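Throughout, read-outs are computed from the coordinates displayed, never taken from laboratory work. It should be emphasised that the depicted structure is a prediction, and the values quoted were computed from it without experimental measurement. Because the Cβ atoms are built from the backbone with ideal geometry, glycine has one as well, and the counts that use them run over all protein chains shown.
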Amino acid sequence: MTAVATLPGTFSLGLSRGATELREFFRQKENLIFTVSLPAILMLLLGTVYVKEPAAGQMFAASMIGAGIISTSFVGLGMSVVADREDGTLKRLRGTPMPFTSYFIGKIVLVFVSSLVEAVLLMAVAMLRFDVELPSTAQKWFTFGWVFVLGVISCSLIGVALSSIAKSTRNAAGVLNLPYIVLQFLSGVFISQAVLPESLRVTGSLFPLKWVCQGFRSVFALDDGYAVMEAAGSWELGKIALVLGAWTIAGLLLVTRTFRWSNTTS
Amino acid sequence: MNAIRVRGLKKAYKGHQAVAGVDLDVARGEVFAVLGPNGAGKTTTVEILEGHRGRDAGEVSVLGDDPARAGRVWRSRLGIVLQSASDAANLTVHEAVRHYAKYYADPRDPDEVIELVGLAEKAKSRAGTLSGGQRRRLDVALGIIGRPELVFLDEPTTGFDPEARRHFWGLIKSLAAEGTTILLTTHYLDEAEALADRVAVLAGGRIVAEGTPQTLNGRAHADATVRWLSDRGYQEVRTSEPTKVIAELSRHGELAELTVTRPSLEDVYLELIA
Ligand SMILES: Nc1ncnc2c1ncn2[C@@H]1O[C@H](COP(=O)(O)OP(=O)(O)OP(=O)(O)O)[C@@H](O)[C@H]1O
Ligand SMILES: [Mg+2]
């Protein structure tokens, strides 16, 4: 058949899906409030308590950006896949010639744009209200870039994998938010990991959130001396790449094994 | 080659046999209606043909391929209207139709399709704000946007008002006139009679009758009922020779409220599934 030659390309369809995903995402108030703005609002509220000096502001803002992109990727993307399954989007797509990869590219576009919007909003709040300074060197922006990308991708994949467990959006809110909230306490977002008991610290260190936050703290710290405040006493950039890379691979395997197009089919 | 060929199709859910050995042949260009009570296995059968559900046993060929293994090109030749959908709630009708047009090699014009299903006035409304019948029309639009060779419609006219239903019949007839093969399920017997070249009645996962709407289950040869009003009230005679009966009766003068009826498709259907 010659028809295959004329069917639209996987990548261009992916971008077209991304545009449609974004349009749908930003038209929903819940997304604007909870997924995109909540981290900035928390920064404003908690920052008033935590930030007594500039150095603390830098560290807290960095941790909040880390927690924020997990909210848009892990929780946000997981929820959006559950919703696609619940309202029949996935089933409809499966009945069209759209390649599965295009759906996935669309979700990646969605998660990167929503994460960026969320992070920019949060940084704006931090800069205006708490005089937080942006990283000053290209080296630091480079670190910011790869931690951001690896963090978003690994957490998106885990979110999508977990979404297969949840049968409905109501279920999914619990399945995804519970680990997210617990991990924020174990990963040094609200309280330093250094003050946690050994067992909790180790538990937190198994998951991406701690490493994403640590990576961002290394970028936002006023100088590298602040590394002594980390549990290991250093930034451990190599280990961050390793852990996030491992979760990306594990997430990919989990998604390809567990992905379901619908709740009812078998 | 037939558009659809099914032999010995079986499917069970947790011990419940939803489809219990179905054979089906739908020729290219044919309009075929599957009738049957709630839970008969219509959706299950149709979704197996669409590649949405797996099967336990049987041979299935749709447009020459096995739906369980068919790929992208195969799907580009199908149009699917599922029994229910609530997706794309935050897109407008126009955005949704235009977006789904992008998946196909040679789609219809989105504006034309919106016009065809009678949604032109709602083109700028969000799908989530449409009424039940309007939402259903959007589903039909998304099902035919790719210029499919074969269209599956699972209860497409649920919630349509009478005018919209007639309008939809016109749409299906024009698709059929272009050579599109159509398999639809419906609970409206008049719809099946108006549209279908052939119908099959599914009950308890089996096909209990199959034929043209006019001849299903011996309908064409069934006795006619002659009915009229006399001074003793309504009178009825069931006969295979109504002309003769009326000729006899009319010798005594004019017959008030005279009618001759044969069993409707609905009568035949109800008898079949009883
Ligand atoms: N995913 C499922 N899991 C378990 N049982 C199912 C599932 N889908 C359908 N069934 C059962 O299989 C039987 C056939 O269902 P199906 O949806 O095919 O019927 P139908 O003929 O389309 O009915 P309706 O006219 O109400 O749409 C029913 O008894 C139904 O309860
Ligand atoms: Mg059904």
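Figures for the structure shown
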quantity	calculated
MRE, 222 nm, helices only [DSSP H, n ≥ 4, -39500 (n - 2.57), over chain A, to nearest 500]	-22500 deg cm²/dmol
Cα gyration tensor of region A:8-258 - equivalent ellipsoid semi-axes, whole Å, descending	31, 19, 17
Angle between chain A longest axis and helix A:54-70 axis [Cα atoms, degrees, rounded to 10]	20 degrees
Cα-based Rg of region B:87-188 normalised by 2.2 N^0.38 Å, two decimals	1.00
DSSP-assigned coil residues among GluC sites (Glu not before Pro) in region A:15-110, each with at most 12 further Cβ atoms within 10 Å	none
Test item: Cα-centred dipole of region A:55-181, Lys/Arg +1 and Asp/Glu -1 on Cβ, debye	460 debye
Student exercise, the protein assembly as shown dipole from Lys, Arg, Asp, Glu Cβ charges, in Debye to nearest 20	1040 debye
Net +/- balance of residues flanking B:Arg198 in space, Cβ distance below 11 Å, scoring K and R +1, D and E -1	-4
Shielding by partners - mean other protein chain Cβ count within 10 Å, residues of B:69-79	4
Relative contact order [Cα under 8 Å, 6+ residues apart], region B:78-148, whole percent	50 percent
Alpha-carbon centroids, region A:204-266 and region B:158-194: separation in whole Å	55 Å
Surface/4 estimate of mean projected area, convex hull on alpha-carbon atoms of region A:1-135, nm²	9.5 nm²
Simple label model, 7 Å out from Cα along Cβ direction - B:Thr129 to B:Glu271, nm	5.1 nm
Between 0 and 90°, nearest 10: helix A:169-186 axis offset from chain A longest Cα axis	20 degrees
Kirkwood-type radius of the protein assembly as shown, with distances r between different C-alpha atoms, in Å	27.0 Å
Inter-label distance, nm, simple model (7 Å from Cα along the C-beta direction), A:Phe26/B:Asn2	5.2 nm
Residue-count net charge about A:Val125 - beta-carbon cut-off 13 Å; Lys, Arg +1, Asp, Glu -1	-1
Rounded to 10°, Cα long-axis angle of helix A:138-163 versus longest principal axis of chain A	50 degrees
Spin-label model distance (nm) - A:Ile41 vs A:Glu133, 7 Å beyond Cα toward Cβ	3.2 nm
Semi-axes of the equivalent ellipsoid for chain B, Cα gyration tensor, largest first, Å	39, 25, 16
Sites B:Ala220 and B:Ala27, calculated FRET efficiency, Cβ-Cβ separation with R0 25 Å, nearest 0.05	0.75
Local electrostatic count at A:Gly18 - Lys and Arg +1, Asp and Glu -1, tallied over other residues with Cβ under 12 Å	+1
Average beta-carbon neighbours from other chains, 10 Å sphere, peptide B:97-107	5
Listed residue pairs exceeding 32 Å between alpha carbons, taken from B:Lys14/B:Lys122; A:Lys52/A:Lys140; B:Lys102/B:Lys122; A:Lys167/B:Lys173; A:Lys239/B:Lys102	B:Lys14/B:Lys122; A:Lys167/B:Lys173; A:Lys239/B:Lys102
Neighbour-limited loop hits for GluC sites (Glu not before Pro), region B:144-213 (at most 10 other Cβ within 10 Å; DSSP other than H, G, I, E, B)	B:Glu178
Within region A:1-87, trypsin sites (Lys or Arg not before Pro) in DSSP loop having at most 15 other beta-carbon neighbours inside 10 Å	A:Arg27, A:Lys52
Nearest-0.05 FRET efficiency for B:Lys14 and A:Ala246, computed from C-beta distance (R0 41 Å)	0.60
Antiparallel %, DSSP beta bridges [both residues in chain B], to 5	65 percent
Antiparallel content of DSSP bridges confined to the protein assembly as shown, in %, to 5	65 percent
